[in-house]
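First the structure, in the form of structure tokens, and then the observations on it.
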Amino acid sequence: RGVAHLLRVDLRVRRCDTARSEQALESILRPHDVRHQGRVHTHLLPTGKLMMWPGDLSRTGSDVYSWEPATGVTAPLSRPGFDVFCAGHVFLADGRMFVAGGHIQNAVGLPYASTYDASNNLWTSVPPMNDGRWYPTATVLGNGDVLVFTACSTLVGAGLRYVSASLR
């Protein structure tokens, strides 16, 4: 109980030790050489694969790919249709990943939002937000809606944005 099993490694979090966590991740991924891909954002999908996208190393957040831990194989995934580097993300109850915001330039984000269905490798756009979001937080609420908010927005008072029933 309280223990996550990932790639046959027992991860027991007792306190936040960022440098040590990064070393542990490097030791898991290094033998499979996914470092060159860039992995600014990494997600464990319901399929058991890791989904990653960069935003540095001269690659954009549109370059989404997966890594299969059992084989070490990386493969491109379908493209989200916008640069998801610097986006906020959260998994929905049905296993889809919700992604909101993205990157135009430092502190300037995109107003786009989409869901990703890993079993079908399919991105689906949802209605855009009222303003761009750069590194927002996305939180699933008790009723299934997603609350997306950020401190980086060009619209005064736009720090909060509700993205609602269209996700159900």
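Asp117 contributes an accessible area of around 40 Å² to the protein surface, as traced by a 1.4 Å probe with all chains present. With each label modelled as a point 7 angstrom along the Cα→C-beta vector, the Asp145-Ala70 pair spans 4.1 nm.
Within the assembled protein chains, the solvent-accessible surface assigned to Thr139 is about 60 Å², based on a 1.4 Å probe. With all pairs of separate Cα atoms included, the range 44-105 yields a Kirkwood hydrodynamic radius of 12.4 Å.
The values are calculated or read from the model by the stated rules, or taken from the named source; none is laboratory data. Small disclaimer: the values here were computed from a predicted structure and weren't measured. Cβ sites come from the backbone with ideal geometry, for glycine too, and all protein chains shown count toward neighbours. We work out accessible area using only protein heavy atoms, side chains counted, and drop any ligands, DNA or RNA first. Shrake-Rupley method; radii C 1.70, N 1.55, O 1.52, S 1.80 Å.
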